[in-house]
1. Within the bounds of region 476-483, is there any residue that is in contact with a Lys or Arg (Cβ under 7 Å, 6 or more places away or on another chain), among the aliphatic types (A, V, I, L, M) and in the same structural domain as Glu591 (by TED's automatic domain parsing)?
2. Residues in region 641-653: is at least one assigned by TED's automatic domain parsing to the domain that holds Lys539 and modelled with pLDDT under 95?
3. Just for region 578-606: of the residues that are among the hydrophobic types (A, V, I, L, M, F, W, C) and closer than 19 Å to Trp494 by Cβ, which one is surrounded by the most Cβ atoms within 10 Å (Cβ to Cβ)?
4. Please enumerate the residues belonging to region 252-271 that are more than 24 Å from Asn196 (Cβ to Cβ) and either surrounded by 20 or more Cβ atoms within 10 Å (Cβ to Cβ) or in contact with a strand residue (DSSP E or B) (Cβ under 7 Å, 6 or more places away or on another chain) (or both).
5. Name the single residue, out of those in region 425-438 being in contact (Cβ under 8 Å) with a residue 60 or more places away in the chain and surrounded by fewer than 24 Cβ atoms within 10 Å (Cβ to Cβ), that is farthest from Leu461 (Cα to Cα).
6. Filter region 164-209 down to the residues that are assigned to a loop (DSSP other than H, G, I, E, B) and touching a residue at least 40 places away in the same chain (Cβ under 8 Å) and list them by number.
7. Could you pull out the residue among Tyr185, Tyr172 that is among the aromatic types (Phe, Trp, Tyr), out of contact with any strand residue (DSSP E or B) (no Cβ under 6 Å at 6 or more places or on another chain) and crowded, with 24+ Cβ neighbours inside 10 Å?
8. Give region 151-166 a look and list any residue that's within 34 Å of the chain's Cα centre (by Cα) and under 18 Å from Lys99 (Cβ atoms), or say none.
Amino acid sequence: MKKTIPFIICCLFVLTAMARERNYLLYTDSNISKLKNQISNDKSVKDHWNTQYKMAKDLLKKDKLKSKDGLLLGLVYRMTGEEKFASKLKEILLSYTSKKTWEGATLLKRTPAWKAGLGTSHTSYDIAMGFDCIYNYLSETERQDIAKDIVRLGITPAREDWLEPEKNMHTYDTMGHNWWSACVYMSGLTSLSVRNEIPEATKWAEEIQESAIEWINYTGSVLQNKPPTFDQDGGFYESINYASYAASQYLLFLSAYQNVWSNTPIYKSPILDKIGDFFINTTYYVKGGEDLAVNFGDSGLIATGDRIVRLLWNLGYQNEGYQYYMNHISNGENRDSSSAEALILNPDFKSNNLSFSKNRPKSHLYKDMGWATMRNSWDDNATMLAVKSGFTWNHAHADAGSYILFHNGKNLIIDSGGASYLSPLYTEFYCQSEAHNVIFFNGKAQNRKDPYFGNVNPGSLHNLVEGDNFKYLLANATGPYSHILTRNYRNFIWVGDVILVIDDLLAFEPGKFEWFLHYNGESTLKGGIDLTIKDEDAKIRVRPLFPNTFPPGGERPHDFPEHMLLTEKIGHEDHHPEEEKPFWSISHFEETARTKFISAIILENDDNENNLPVITRDETKDYLKVSITQKGETTEVYFNLLADGSLKHRNSLINIDGWETDAYITVLKFDEGADKTNINNVNEVFIGHGSYLRRDGQVLIHALSKYTALVENFGAQPNLIFQGQPNTTVNLYSPKNINSLKLNDATKNGDYNDSKKTIKLLIRDNK
């Protein structure tokens with residue numbers, strides 16, 4: 001019997017210890033150990049921790065705390081074991097679980113009442129995390145009572161509004177695509193927190209995990225003009241801010257789910273491999289200052305995916321690009337890096353080798369949602385152009401065909417941004433086309449109801465081509481303008497320090513065309529030719545070329561009525577509707593039903609300060625020509641006026657300076673001063689929507705269907721970037737016998753015809 005008593009005591013001790021073990025949601029034992037190690041070895045982390053610890057001590061002195069204060073108190077308790085922090089957190093839990101509802105009065109007044117919106121979602125997260133952190137501090141009775149109230153106030157309302165077949169009233173696109181993520185996945189995380197006390201909670205969490213495949217892959221709605229949740233490449237159309245918010249709610253749940261049940265299979269979407277890159281591609285990296293973000297829609301210039309990348313890293317999605325991004329944002333001192341959540345998710349980096357920026361593409365097209373970014377370098381303070389022509393609805397504004405430009409550390413050509421949703425100007429100005437760099441016709445652009453109802457024919461982006469020193473992109477904004485225009489195409493050609501913006505426009509009847517230009521800094525008309533835009537050391541020039549320039553030499557518009565008209569208009573500051581902000585309108589000199597606007601954006605920098613690119617223009621009945629000479633090279637850009645849809649049942653055949661083609665746009669590069677009639681002097685060829693280019697009977701490039709293609713190192717060892725039919729036969733000029741070339745980053749074999757001086761390529765499925 002004496003031997004039995006110690007055995008029983010030992011068993012009781014083991015059982016008690018096992019009862020105290022808990023697989024925590026985020027503040028796991030391993031994460032706590034990692035953070036303690038970082039505090040010991042990293043001064044920056046130590047400083048952040050000391051700041052947070054002091055803030056937690058200050059919270060102990062306050063009588064009334066918010067639910068989110070529990071996130072910090074919980075972390076400090078888990079780190080230190082000091083019960084005074086657990087005691088204060090318990091006060092928060094008891095206060096919030098004694099309430100009648102966690103939802104705001106506004107949603108509750110709707111018919112039927114919305115019992116679980118973002119108020120319930122945010123509070124559920126805070127309380128679930130707090131409950132999880134002090135789980136072992138609470139008595140069994142306290143756990144049971146608090147858990148029941150968490151179900152009553154957080155889980156049940158969310159499930160009834162969003163999930164239960166018998167009661168739910170919301171879908172994947174209610175209130176945009178981010179609300180479902182917030183309301184449902186926080187309900188799932190909260191279910192995980194009470195899994196020991198509520199038998200059904202495990203099933204609830206499992207159901208929500210399984211639903212991820214439907215939310216992530218939601219394909220949109222034709223009748224209600226709703227887009228898919230995600231672009232196939234990981235983009236999220238509702239803006240950078242909402243991309244971060246929506247994805248974070250899912251990733252928080254997924255992290256907690258894996259921490260609780262590490263061996264349970266989960267749905268792993270391919271999107272998780274790509275969403276981090278969406279934030280990398282849409283960030284403009286600033287030297288010595290805060291990095292900037294593409295602020296299309298309801299977002300701000302200072303917006304990051306830091307939270308997303310931290311969560312992805314902790315889920316095992318780790319690469320040098322993510323490390324570079326987290327280290328770079330705000331010079332490694334991101335404003336969120338010291339929060340309780342950020343500290344516990346702070347990654348351990350194994351290497352400081354950050355070579356990713358030298359290898360990855362500098363441009364990216366999110367084709368499903370109609371966003372694109374193009375940059376000339378991944379270096380800090382480089383130049384980045386961002387273009388949007390996609391959906392309009394909810395957080396996505398009426399901005400089909402709009403673009404913004406970052407240069408030398410500044411955002412010079414801007415999006416007007418947004419304002420509080422309570423401000424009348426949010427609906428009247430910021431969401432509307434006049435707040436963006438788009439086309440207007442007779443004072444109209446997109447339907448003013450598009451931000452509310454969506455547009456049945458959204459804009460789109462096509463044919464992003466990136467070469468070593470050449471980029472092209474086509475924006476189709478015709479759909480959103482179809483009530484006033486039958487053509488609204490915007491082409492971007494970026495060569496060296498010049499970006500050409502080419503608008504191809506056709507209306508149902510004659511009227512006034514104009515395009516808007518929003519800017520930061522100072523802008524003036526210089527020399528009667530250029531609009532200068534300057535913000536400290538960042539400078540660009542905007543020069544209209546077609547249908548005409550500004551009046552020469554700064555002459556009065558009254559004396560030169562055939563030139564472009566510049567008018568100042570008044571908008572509003574980003575997130576400060578009370579502050580007026582001027583912007584420009586550049587308008588056609590006469591009413592017309594068809595026109596081509598071509599303008600040049602000239603990027604000023606230290607290298608070209610006293611040697612700006614030389615740009616000339618030429619016009620005939622059938623084509624427009626822009627010639628750009630810079631850095632020892634001349635680029636000839638031809639726009640075929642016969643290829644703009646004005647011909648029916650006839651191809652757009654044209655002879656331009658001896659070059660025979662049917663292409664919409666043709667670009668040829670030569671050494672400066674070279675004989676431009678000699679095909680062997682061509683360094684580079686671009687064909688935009690064409691099938692052939694010939695001169696003096698010699699084929700330069702040919703196919704039987706139209707395509708978009710760039711040929712670099714033309715006539716030597718060509719590099720062909722080709723976008724066309726999946727099955728195409730291409731003949732390409734080569735003065736020497738070659739049997740292979742580089743096609744879309746892969747080696748492609750072909751057959752060389754010595755008599756025709758061409759190599760024949762059979763492209764099958766674009767390979």
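The values are calculated or read from the model by the stated rules, or taken from the named source; none is laboratory data. A quick note: this is a predicted structure, and the numbers were derived from the prediction, not measured. With ideal geometry, Cβ positions are generated from the backbone for all residues, glycine too; neighbour counts draw on all protein chains shown.
1. yes
2. no
3. Taking region 578-606 as the starting set, the residues that turn out to be among the hydrophobic types (A, V, I, L, M, F, W, C) are 583-584, 586, 589, 593, 597-598, 600-603.
Those still in the list that are closer than 19 Å to Trp494 by Cβ too: 597-598, 600-603.
Details: Phe597: 22, Ile598: 22, Ala600: 20, Ile601: 25, Ile602: 21, Leu603: 23.
That would be Ile601.
4. Initially, region 252-271 is screened for residues more than 24 Å from Asn196 (Cβ to Cβ), giving 267-271.
The answer is Ile271, and nothing else.
5. Leu425
6. Met169, Tyr172, Asp173, Met175, Gly176, His177, Val194, Arg195, Asn196, Glu197, Ile198
7. Details: Tyr172 fails: crowded, with 24+ Cβ neighbours inside 10 Å.
So the residue among Tyr185, Tyr172 that is among the aromatic types (Phe, Trp, Tyr), out of contact with any strand residue (DSSP E or B) (no Cβ under 6 Å at 6 or more places or on another chain) and crowded, with 24+ Cβ neighbours inside 10 Å is Tyr185.
8. If the condition is that a residue be within 34 Å of the chain's Cα centre (by Cα) and under 18 Å from Lys99 (Cβ atoms), then Gly154, Ile155, Pro157, Ala158, Glu160, Asp161 are the ones that fit.
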